Amino acid sequence: MQLDINKLEIRNRQNNYLKKLTEKKVDASILFNTTNIFYLTGFHFRPSERPIAFITDTKQKTHLFVPRLEKEHAEEYAVIDNVHYYQEYPGLIHPMEHLKEVLQANNFENKIVGLDASGYNSSKGYRGPNIANLLNFDREVYIKDMVESMRYVKSQDEIELIKESARWGNLAHTLLVKYTRLGKREIEIEGLATYEATRAMFETLGNEYRPYGSPAHAFYRGQIGPHSAFPHSQNQNAEIKHGYNVVSQAAADVWGYKSELERTMFILEVNKLQESFFQHMINVQDIAFNTIKPGIPASRIEEEVQRYYQENNLNKYIRHHTGHNMGLLNHEAPFFDLGDHTILKPGMVFSVEPGLYVEGLGAFRHSDTIVITENGMEKITYYPRDLNSLIIG
């Protein structure tokens, strides 16, 4: 079982990236985005106050610019031609001055340079100049969208990693249900399920497994009872009570790749009002599934879902769009949104998660991960969706 992306695929990504730079008439480039650097080099690192950059020069050679503490790490793991390092941040000489020297040595002055940001940025105390203040470029070209769009369509190896993620997310979710009992609180339930699923994952996949994120986990994120009406709630350590509806989430990272599984469930019994909203949610998710296919804009899925909302007077219960692409991040572009007209292609991976949020009652949202195929879509997550399977506790 392959549990990573091999060096050949990473080199192919770099070649594709360099080709796109040439098509845009860009001579050289500098990327600061952590996810894009991982995607193009296979080097997974913890971003901090210390600047890290991926560079391609005028001869199409690749470089990593890292702090001293990451030098050996980068040399060991990155698919890269050259590694440059500076001692520390802020240091006696600012890291951007060291980067300036690297850029000068590789003929960046008076060139057309692609950038995904104006400079390094971090919420962990970093302060420093913009790239334009370091050197005289002929022109700067913003390429963040270009790099992100390369991640839209997944290779078969990427899809297999996402499917592996879904398998372990399914186990974690099964255990979350097992430990959800009256009177228990969400932190205890989540801890038991996550620990047991993670242990099974490690024992099964062996020493070659690298999460580059979080291994198998499942949680409620505070979406228990009426509080679940906040779509992106945070953990409340809430108590499980009779008749509550709860919204779960489960996933696992496999070499950084993610899936998303969410279910609306009911503690011991469901009343007629809950059942009514649950059925509407199932209906709109089915509409999305039946609409998804290659060659249409992403907005089409949202249009069909919105039509059902309007016909059934549900607009006041809507809080978000129907889904989003995913891969190395749990939310990536494009989106199933009225304003996103990206044409769907085979190999794109999305969540499908229409939701209804009823104040005083709670949330009704399933999320499934799907991959777009040549003729339609394949559902990657597979935990039961029907009401009878989701009365728990």
Practice task
Grab the other residues whose beta carbon is less than 9 angstrom from that of VAL113, score K and R as +1, D and E as -1, and report the net.
Solution key: -1
Exercise for the section: Hey, can you find the accessible area per residue of the chain for me, probe 1.4 Å, expressed in square angstrom? Expected result: 44
Exercise for the section: Order the peptides 158-164, 346-352 from the highest to the lowest mean number of other Cβ atoms within 10 Å of their residues. Expected result: 346-352, 158-164
Practice task
Would you calculate the separation in nanometres between label points at GLU109 and HIS232, each defined as 7 Å from the Cα along the Cα-to-beta-carbon direction?
Solution key: 4.4
Exercise for the section: For PHE266, list long-range residues whose amide hydrogen, built 1.01 Å from N in the peptide plane, is under 5 Å from its own amide hydrogen. Expected result: VAL246, ILE391, ILE392
Fill in the blank from the handout: Surpassing 23 Å at the alpha-carbon level, of the pairs LYS163/LYS345; LYS293/LYS316; LYS19/LYS59; LYS111/LYS144; LYS71/LYS154; LYS20/LYS154, are LYS293/LYS316; LYS71/LYS154
Practice task
Give me the distance in nm between label points sitting 7 Å out from Cα along the Cα-to-Cβ direction at LEU273 and ASP286, one decimal.
Solution key: 2.5
Practice task
Report the extension gain between GLN156 and ASN15 in nm, rounded to one decimal, defined as 0.36 nm multiplied by the number of residues separating them, less their alpha carbon distance.
Solution key: 48.9 nm
Practice task
Could you work out how far the C-alpha centroid of region 50-117 sits from that of region 351-382, in angstrom?
Solution key: 41
Exercise for the section: Quote to one decimal, in nm, the extra length available between GLU72 and MET1 on full extension: 0.36 nm per residue of separation minus the C-alpha distance between them. Expected result: 22.8 nm
Exercise for the section: On the protein heavy atoms, probe 1.4 angstrom, tell me the percent of accessible surface of region 241-393 carried by carbon and sulfur. Expected result: 47
Problem - Label of the coordinate-derived value, Cα extents along the principal axes in Å, listed as [x] 71, 41, 39; [y] 68, 58, 45; [z] 75, 45, 40 - result: [x]
Exercise for the section: Could you rank the peptides 359-365, 44-50, 177-183 by their average count of other C-beta atoms within 10 Å per residue, with the highest value first? Expected result: 359-365, 44-50, 177-183
Handout entry: √(5λ) per eigenvalue of the Cα gyration tensor, region 168-223, largest first, Å
Key = 23, 11, 8
Practice task
Within the set of other residues whose C-beta is less than 13 Å from the C-beta of PRO211, count the net charge using Lys and Arg as +1 and Asp and Glu as -1.
Solution key: -2
Completion exercise
What helix-only [θ] at 222 nm does the chain give? Using -39500 (n - 2.57) per DSSP H run of at least 4, over all residues, to the nearest 500, the answer is -10500 deg cm²/dmol
Problem - Sulfur and carbon atoms: percent of accessible area, region 17-65 [1.4 Å] - result: 43
Handout entry: Label-point separation, TYR382 to ARG199 (7 Å along Cα→Cβ), nm
Key = 2.6
Handout entry: Sequence ranges 376-384, 212-220, ranked by mean other-Cβ count within 10 angstrom, highest first
Key = 212-220, 376-384
Handout entry: Scattering curve values for region 102-157, log₁₀ I(q)/I(0), Debye with Cα scatterers, q = 0.17, 0.24, 0.27, 0.29 Å⁻¹
Key = -0.71, -0.99, -1.09, -1.15
Completion exercise
Classified through the alpha carbon gyration tensor (a ≥ b ≥ c as square roots of its eigenvalues; rounded if a/c is under 1.5, else prolate when a/b is larger than b/c, else oblate), region 251-315 comes out oblate
Fill in the blank from the handout: Looks like region 351-393, by Cα gyration tensor root eigenvalues a ≥ b ≥ c and the a/c under 1.5 rounded cutoff (else prolate when a/b is bigger than b/c, oblate otherwise), is oblate
Fill in the blank from the handout: Residue separation between LEU92 and GLU374 times 0.36 nm, minus their alpha-carbon distance, gives in nm 95.9 nm
Fill in the blank from the handout: Counting sequence-distant residues (5 or more places) and residues on other chains, those with an amide H built under 5 Å from that of HIS324 are PHE336, SER351
Exercise for the section: Mind running the shape call on region 11-135? Use the C-alpha gyration tensor, a ≥ b ≥ c as the square roots of the eigenvalues: rounded below 1.5 for a/c, prolate if a/b tops b/c, oblate otherwise. Expected result: oblate
Practice task
Excluding residues fewer than 8 places away in the same chain, name every one of the lysines whose C-alpha is closer than 17 Å to that of LYS241.
Solution key: LYS178, LYS184
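The values are calculated or read from the model by the stated rules, or taken from the named source; none is laboratory data. Because the structure is a prediction, the values reported are computed rather than measured. Neighbour counts are summed over all protein chains in view; Cβ atoms, including those assigned to glycine, are modelled from backbone coordinates with ideal geometry. Just so you know, the surface numbers come from the protein's heavy atoms only, side chains and all, with ligands and any DNA or RNA stripped out. Shrake-Rupley method; radii C 1.70, N 1.55, O 1.52, S 1.80 Å.
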